[in-house]
Amino acid sequence: MRAALLLLIVSFALCAATNNVELKPMSPTHAHTNRLAREKSPYLLQHQYNPVDWFAWSDEAFAKARKENKPIFLSIGYSTCHWCHVMERESFENEIVAEFLNKHFVSIKVDREERPDVDKIYMTTVQAISGQGGWPLNCFLTPDLKPFFGGTYFPPESKYGRVSFLDLLKQIANLWETRHADVLASAQDLHQRLVTITSQEATNARLSPEVLKHAALQFKQEYDSTNGGFGDAPKFPRPSQPLFVLRYGTRAEDEQAIQMVLHTCDAMAAGGMYDQLGGGFARYSVDAQWLVPHFEKMLYDNAQLVNLYLDAYLVSGKAQYANTVRETIEYVLRDMTHRDGGFYSAEDADSEGKEGKFYCWTAAELKHLLTPDELKVATRYFGITEQGNFVDHSDPHPLPNQNVLSIVDSKLSDAEQILLASAKKKMFDARAKRIRPHLDDKVLASWNGLMLGAIARAYGVLGDAQYRQAADKNLAFLQSQLWDGKTKTLYHRWRDGGRDNVQLLDAYAYLLSGVLDLYEATLDPKHLQFAIDLADSMIARFYDAKEGGFYESAADAKDLIMRTKEDYDGAEPSGNSVASLALLKLSVITDNKGFKDVAEKTLQHFSARLQEFPQAVPHMLLALDFLLHEPKRAVVVGNDDKLLHAIHSVYQPNKVVLSNVGPVEEFAKTLPTKTAPVVFLCTGTACQPPTKDPHAVMRMLKD
């Protein structure tokens, strides 16, 4: 009761606060430099000149809080987060706010992309307190890291129904001084709530095809038949969901489900969320029509969307989906790739302090840039208007007459197509001279695993040798910079010549999945051996052998107040979902029953979630689908690229591709080699007659 009462007191204090203080901006010169200047994270480095005495998430910060008995102010965000920039500009660059923070708190900055395990704990806290979450995430902790209050964005003055940030700090500091015992009790009670929320006991719900059918019906009910996509604005791609609906639709011969996904793909690629000049997808659309994006571009979104559009291409045969794949990969290789092969994390929404400035156009700009004929076609095609279609309402001084490019009228004659191509090239070249948004150039093992797999699959399906080269180079980079072969340890982040010491389930699971995709696209046995090493190490470090499921962090992570098992497949699929599907595939390829047992026990652990709330776990449904249906095994004896590409050109998601050499199943090694190169299509211990005809391979896979 005491803890609940304290939360009510805090809530009342926040609502009642009206004493706003004039917040004066600091000097544009760097009057301050704090210890974040020592960090590698681009997000932390963005705050190195704040007057706030920031610490990184570290023993140094924790020790100071304990020694001085001060509460910790924890602020979590990421370098391309628009509202993080807003709050920094309004509050963290302000001398008055900084002075109060420095006197009464120990302030810690965390990059959520580097430490998703830390973010998960305190995001769960804020969601438990307020019913919502987001970034920036601001949380108040005791010196032993237990949270007692938190929220997201707080404005510099009381508005939008939110208390001003400085008033909040004053209320928290006052409670810490005058109600210290109650604050500690509140923190302890909240910690116990978190333990209850995050500790999921294994369930014994029946995992059957009915679970898949029920999930598909749920997703179909959320479909937006007018605009495509699932759910309302803001619209997030969330590729795991359409990937599952497409898989279900093809197996159940549900043409309606298939068309829902294809319509969604059409709408996203035609909308402003897709970069019509440079390729690649923005984070999400703020409206239901996919028109106005939140302009940041994330590696993980684009990796998953490459997979979705590859599947759409395989199911429909329409070249437009393959073109979207090519343009997205071209964007990643051009703008998001380190010279040695690592993939960067993200590009910001803002440039020159204005959201979308790099991407938007005014009618006046285009009149100056294009010929009259080009302008006429481009205006019609992109829907350009004098007044524009985008206003940044978060900006007190938004740019006027901005047009987000989307495809409004695609019905062009051949002559008009030539004019459009000329106009787009001029626009792309002119845009390239603008100041680009900030690039978050850290390399994450997790997100690189997603893009590695996507590009490897694109090579398998489309046959572009450039994709294989990029995938091989990326894996070599990750192995040299983030993998310790002696201890079989995978670290999470590399940037500017150095790596961190953090180990996360997502890094192992995502990279395992990507390496398997690369193996199936190339049949290089060293990739399969690396996948086995990753799987063994992942299970040893993160798997809960008693209850099933994987923890997000390793057992020896001493800077966390609890270990959590993530199952939510949101913008990124959960490590448990990705690990389950990858282990099931690896089990079939190697005939290692232990991998299947771990995956099956993990799915059983989350079985209630799969049954009762499938909307939360669409990627885990892909793993369940694989478990419940006997996969086909395409065994390639001998080396033949045409046969391999023929296998990958058929939409058959529950198949695996392997050779007869390396650490593969023993049965594959017994297949005769005298007629190589040939393909054996097998199910269980039965194989169809071998063939070296690519068309015959495709027919067999379709049957």
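Throughout, read-outs are computed from the coordinates displayed, never taken from laboratory work. Note that the coordinates shown come from a computational prediction; the quantities given were computed from them, not determined experimentally. A quick note on method: Cβ atoms are made from the backbone with ideal geometry, for glycine too, and the neighbour counts reach across all protein chains shown.
Checking every one of the GluC sites (Glu not before Pro) in segment 184-241 against DSSP loop status and a limit of 16 other Cβ atoms within 10 Å picks out GLU201, GLU222. Highest mean packing first, where packing is the average number of other Cβ atoms within 10 Å per residue, the peptides 648-659, 452-463 line up as 452-463, 648-659.
Looking at segment 138-247, which trypsin sites (Lys or Arg not before Pro) are in a loop (DSSP not H, G, I, E or B) and have at most 13 other Cβ atoms within 10 Å? Show your work: numbers first, answer last.
Details: sites: LYS159, ARG162, LYS170, ARG179, ARG193, ARG206, LYS213, LYS220, LYS235, ARG247; in loops: ARG179, ARG206.
Those satisfying the criteria are ARG206.
Kindly provide the GluC sites (Glu not before Pro) of segment 539-629 that DSSP labels as loop, not H, G, I, E or B, and whose Cβ sees at most 16 other Cβ atoms within 10 Å. Present the calculation step by step, with values, prior to reporting the outcome.
Working: sites: GLU547, GLU552, GLU566, GLU600, GLU612; in loops: GLU547, GLU552, GLU566.
Loop-located and lightly packed - GLU547.
Both the radius of gyration and Dmax for segment 219-439 are 17.5, 54 Å, in that order, over alpha-carbon atoms. Placing +1 on the Cβ of every Lys and Arg and -1 on the Cβ of every Asp and Glu, with nothing else charged, gives the chain a dipole about its Cα centre of roughly 760 debye. The spread of Cα positions in segment 417-523, taken along each principal axis and listed from longest to shortest, comes to 57, 34, 19 Å.
Taking the centroid of alpha carbons for each part, segment 318-381 and segment 546-618 are 37 Å apart. With the convex hull drawn over the C-alpha atoms of the chain, the volume per residue is 162 Å³.
Pairwise alpha-carbon distances in segment 511-608 exceed 19 Å for 41% of all pairs.
Work through the residues other than ASP506 whose Cβ is under 13 Å from its Cβ and net out their charges, Lys, Arg +1 and Asp, Glu -1. It would help to have the intermediate numbers written out before the result.
Values: positive: ARG112, ARG115, LYS120, ARG493, ARG541, LYS565; negative: GLU113, GLU114, ASP117, ASP119, GLU552, GLU566, ASP567, ASP569, GLU572.
Once positives and negatives cancel, what remains is -3.
With runs of 4+ DSSP H residues as the only contributors, calculate the mean residue ellipticity of the chain at 222 nm using -39,500 (n - 2.57) per run, divided by the residue total and rounded to the nearest 500. Please report the intermediate quantities before stating the final value.
On the way: 27 runs with 346 residues, N = 703.
The helix-only estimate for the chain comes to -15500 deg cm²/dmol at 222 nm.
Taking other residues whose beta carbon is less than 10 angstrom from the beta carbon of ASN592, and scoring Lys, Arg as +1 and Asp, Glu as -1, yields -2. With the largest listed first and rounded to whole Å, the semi-axes of the equivalent ellipsoid of segment 630-703 from the Cα gyration tensor are 17, 14, 11. The spacing between segment 221-237 and segment 248-305, judged by their C-alpha centroids, is 10 Å.
Sorting 228-234, 147-153 by average packing, meaning the other beta carbons within 10 Å per residue, from highest down gives 147-153, 228-234. Simple point charges give the picture: +1 on the Cβ of Lys and Arg, -1 on the Cβ of Asp and Glu, and for segment 219-439 a dipole about the Cα centre of about 440 debye.
Using only alpha carbon positions, build the gyration tensor of segment 586-633, then give the equivalent ellipsoid semi-axes as the square roots of 5 times its eigenvalues, largest first, whole angstrom. Let's see the in-between values first.
Working: eigenvalues 93, 29, 10 Å².
For segment 586-633, the ellipsoid semi-axes come out as 22, 12, 7 Å.
When the Cα positions of TRP83, PHE244, ILE539 are compared along the charge dipole of the chain, ILE539 comes out farthest toward the positive end, with charges on each C-beta of Lys, Arg, Asp and Glu.
Quick one: Cα convex hull volume of segment 216-348, Å³ per residue? List each step's numbers first, then the result.
On the way: hull volume 12.9 nm³, N = 133.
Output value, Cα hull per residue: 97 Å³.
Averaging sequence separations of C-alpha pairs under 8 Å and six or more residues apart, then dividing by the length of the chain, give the relative contact order as a whole percent. Here the relative contact order equals 11 percent.
At 37 °C and a viscosity of 0.692 mPa s, what translational diffusion coefficient does Stokes-Einstein give for segment 40-170, taking Rh as the Kirkwood radius over Cα pairs? Give it in µm²/s as a whole number. If you can, show how the numbers build up before the last one.
Numbers: Rh = 14.6 Å.
D = 225 µm²/s.
Here the spin labels are modelled as points 7 Å beyond Cα on the Cα-Cβ line, and at GLN132 and ASN501 they lie 3.9 nm apart. Taking other Cβ atoms within 10 Å as a rough exposure proxy, CYS265, CYS687, CYS139 sort from fewest to most as CYS687, CYS139, CYS265.
Between the beta carbons of PHE613 and LYS159, assuming R0 = 30 Å, the FRET efficiency works out to 0.30 to the nearest 0.05. Each residue of segment 446-452 in turn: what ³J(HN,Hα) in whole Hz from Karplus with 6.51, -1.76, 1.60 and θ = phi - 60°, glycine and Pro shown as x? Along segment 446-452, the couplings run 5, 5, 5, x, 4, 6, 4 Hz.
One chain, two ends: GLU386 and GLU177. Fully extended at 0.36 nm per residue, the span grows by 69.5 nm beyond their Cα-Cα distance. Counted by Cβ distance under 14 Å from ALA458, the other residues give a net charge of -4, where Lys and Arg count +1 and Asp and Glu count -1.
Remark: spin-label model distance HIS30-LYS67 equals 2.6 nm, labels positioned 7 Å along the Cα→Cβ axis. Of the peptides 520-533, 503-516, the order by per-residue mean of other Cβ atoms within 10 Å, starting with the highest, comes out as 503-516, 520-533.
With R₀ fixed at 35 Å, the C-beta to C-beta distance from VAL650 to LEU217 puts the FRET efficiency at about 0.80.
Can you tell me the FRET efficiency between LYS674 and ASP703 if r is taken as the Cβ-Cβ distance and R0 is 22 Å, rounded to the nearest 0.05?
On the way: r = 26 Å, r/R0 = 1.19.
Calculated value: 0.25.
In the chain, a dipole from Cβ-located charges (positive for Lys and Arg, negative for Asp and Glu) runs towards its positive end, and of ALA634, LEU671, SER553 it is LEU671 whose Cα lies farthest in that direction. Here segment 46-118 and segment 427-500 have alpha carbon centers that stand 29 Å from each other. Modelled this way, with points 7 Å down the Cα-to-C-beta line, the labels at THR371 and ALA686 are 6.5 nm from one another.
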